[in-house]
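Quick notes on the structure that follows.
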Amino acid sequence: MEVAATTLLNALTLISILALVGLGLTISFGLMNVTNLAHGEFVAIGAFSVYYIQSLGGSFWLGLMVAPLAGAAAGFILEWLILRHLYDRPVGAILATWGISLILQQSLELIFGLGAKPVVPPVDGVSDLGLITYPTYRLILISIAATTLLAVLLLLRRTGFGLDIRTVIQNREMAEAVGINTRRAFAVAFAFGAAVAGLAGALVSPLATVLPQMGVNYLANSFFVVIVGGAGSITGLLAGSSFVGGFTSILNYQISPSLAQALVLTAAIVLVRLRPNGFVPVGSRFS
Amino acid sequence: MRDPSWLIAFAIGLLLLALLPTWVDSYNLTVLRDALIFGLFAASLDFFWGRTGILCFGHSVFFGLGAYIMALVSMTPDIPLPSLLGLLAGITGAGLLAGAVGYFLFFGGVRGSYFTIVTLALSVIAQQVAVSWSSVTGGDTGLIGIPPLMFGGLDLSGDVASYFTVVALLATVLLGLWALSRGRWGRILTAISDNEMRAAALGHNAALRLTMTFVISASTAALAGALYVAMAGLVAPDLIGLLLATEVIVWVAVGGRGTLIGPVVGAVLVQRAQQEISSFNPSLWPLIIGCVFVLIVFLLPEGVLSIGTRIRALFRRGAA
């Protein structure tokens, strides 16, 4: 029972992070069919922001506020310099964003030097949940992530801008025909996705090894999330992260992490065969 | 590229490679030999990417799988014909993996970006498995002491002999892939990449054709990987990882996608540049590779060899 409760909370931690990172990917996939391989670097930029603020004497919370801004700035520049010229060249976008990803990694290494960077969590210790005790910081992480996702959901469902975004995802030509500026919608949504990825990087920074190359693993995992869940919907995003995060957390108890990753990938590939458009295809009732 | 000009380029290249040992010393010959093996690897990716337009971001998985299987089989004690069995096992293993991936993805309707991403994830995971499954793969350090190529009594381990083995194999495979891609097979692939629904309406099984092309491409990559470990004598996780998967894309993109010869030239030139640059600052290389990616996309989408065509077009316009 205790093991089950701990596994559940571990899974929730992982699911929260995957959903936050995957949000930007599902937006750029769903909106413009753009594959952004530099998305993992937004996570790294968020984590390095917290490290940098802390190394200047600032608090973790200040870092947590700066990280999404840094992510948004990086996302805005990437969209402006590179992606907007490659909307009709999907392979070109893949290659160019991969180049940017290598450049960003190497720049982080040149600026901050080699080796893992320490980030101090804002709170130490564990909380007593009755049945089990669990690290307090992870509980904070889960609640911040849940709040963010809820806010995003409300933004998409209840605001005019959200309506625009959902229209573009469902049918880009039709959205343009009714007068939505799809390119501006995409630019804003892209920077927003990058900001949320930066927030995710800041949230994991006390738990993970903060390295310039840390983004690649988040990139691979959150792409599974989008593929399994279906691109372009929040429900699909949550379904995909629950599948990948839950599966990984359960397997991590029994077998080595890399074997667990291999099994999750295999499961994702098999799922693609069974449900080619993901758990929640765009245009379905829940998208 | 038109047929005669491809064959002329092929013949000139082959002649050059055949005459090279007369004035190049044995150290540079082995460097070129290794570069040509990676050129074969680049051509294998080009056969798939260039013909179908679908980018595989994890081709190093097949190169590395061929390499590891070759190492494991040929190091098995008391095995008859270790080199031959190792090569065959490596090629078959990679072909089977590609067949499985192709079955689930292509028959599942996955094309384009999704395929690229799944194969990218495949190479991330393959490297993790190669590092952590240390009882078989030797972990981070890999395996050393892989026997050189021997077929019965035929010893191909000398510098010149191994160089000519690689050149002969490269030439044979290039000709085979070229014949395949300019014949009926290649035209069906072009039809599929132009408009899959129409190709399917004409009775072509697109998913099967893509899977078979992927299997051929992966098996060729495994052949290159197996050759490489037999020549180098060691295998390590960087032969299966994401960095190599990235570099092979650069070689193909620099040399020119869809030309088969271009990627070989690209592989040799880029590796030469890498050695020069890494010798004075090793951490500069990933930065330069990154810039090359961006520059190629924006300035030279057809590869470096296209500069010639462009200049010719410029002159023609000037003359007219």
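Bear in mind that the values in this text are calculations on the coordinates, not laboratory data. Since the structure is predicted, the reported quantities are computational estimates derived from the model, not experimental observations. Quick reminder, even Gly has a Cβ in these numbers, built from the backbone with ideal geometry, and neighbours come from all protein chains shown.
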Could you tell me the center-to-center distance, by alpha carbons, between segment B:205-237 and segment B:43-88 in angstrom? 4
Which parts of segment A:187-228 would a label at residue A:157 reach, counting a residue when its backbone N lies under 18 Å from a point 7 Å out along Cα-to-Cβ? none
Each label point is 7 Å from the Cα along the Cα-to-Cβ direction; what then is the distance between the points at residue B:28 and residue B:200, in nm? 5.4
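Between residue A:84 and residue B:18, what FRET efficiency comes out of the Förster formula 1/(1 + (r/R0)^6) with R0 = 51 Å and r the beta carbon distance, rounded to 0.05?
Working: r = 49 Å, r/R0 = 0.96.
Using R0 = 51 Å, I get an efficiency of 0.55.
Place the peptides A:148-158, A:218-228, A:243-253, A:196-206 in order of packing, highest mean first, counting for every residue the other Cβ atoms within 10 Å and averaging per peptide.
Numbers: A:148-158: 14.5, A:218-228: 26.7, A:243-253: 19.4, A:196-206: 29.2.
Highest mean packing first, the order is A:196-206, A:218-228, A:243-253, A:148-158.
Over the Cα atoms of segment B:3-240, Rg to Rh with Kirkwood Rh, two decimal places? Don't skip to the end; give the middle numbers.
Values: Rg = 18.6 Å, Rh = 18.7 Å.
Ratio of gyration radius to Kirkwood radius: 0.99.
How big is the C-alpha Rg of the protein assembly as shown next to the rule-of-thumb value 2.2 N^0.38 Å, as a ratio? The partial results should precede the final answer.
Details: Rg = 25.1 Å, N = 607, 2.2 N^0.38 = 25.1 Å.
Here the Cα radius of gyration is 1.00 times the empirical estimate.
Shielding of B:286-292 by partners, i.e. mean partner chain Cβ atoms within 10 Å per residue? Before the final figure, lay out the partial values.
Numbers: counts 6, 8, 3, 5, 12, 5, 3.
The per-residue average across the peptide is 6.
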State the Cα centre-to-centre distance between segment A:121-146 and segment A:52-112 in whole Å. 29
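For chain B, what is the mean residue ellipticity at 222 nm derived from helices alone (per DSSP H run of n ≥ 4: -39500 (n - 2.57); sum divided by total residues; nearest 500 deg cm²/dmol)? Kindly include the intermediate steps, with their values, before the conclusion.
Working: 14 runs with 241 residues, N = 320.
Estimated from H runs of four or more residues: -25500 deg cm²/dmol.
Want the number for residue A:62 to residue A:143: 0.36 nm per residue separation, take away the alpha-carbon distance, what's left? Don't skip to the answer; put the middle values down first.
Details: separation 81, 0.36 × 81 = 29.16 nm, distance 1.78 nm.
Residue separation times 0.36 nm, minus the Cα-Cα distance, leaves 27.4 nm.
Can you check how the C-alpha radius of gyration of segment A:1-144 compares to 2.2 N^0.38 Å, as a plain ratio?
Working: Rg = 18.0 Å, N = 144, 2.2 N^0.38 = 14.5 Å.
Scaled against compact globular proteins, the figure is 1.24.
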Could you check the simple spin-label distance between residue B:295 and residue A:183, using points 7 Å along Cα→Cβ, in nm with one decimal? 2.7
In nm, give the distance between the simple-model label positions of residue A:254 and residue A:277, each being 7 Å from the Cα along the Cα-to-Cβ direction. 3.3
DSSP H helices in chain A with Cα extent of 18 Å or more along the helix axis and mean Kyte-Doolittle hydropathy at least -1.0? A:2-32, A:39-55, A:60-81, A:90-112, A:136-158, A:182-204, A:215-229, A:234-254, A:257-274
Vicinal HN-Hα couplings computed from phi for segment B:7-24 (Karplus, 6.51 cos²θ - 1.76 cosθ + 1.60; Hz; Gly/Pro x): 5, 5, 4, 4, 5, 5, x, 5, 4, 4, 5, 6, 7, 3, x, 6, 10, 10
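Evaluate peptide A:78-85: per residue, the Cβ atoms of other protein chains within 10 Å of its Cβ; return the mean as an integer.
On the way: counts 0, 0, 0, 1, 3, 0, 0, 2.
What the average comes to for A:78-85 is 1.
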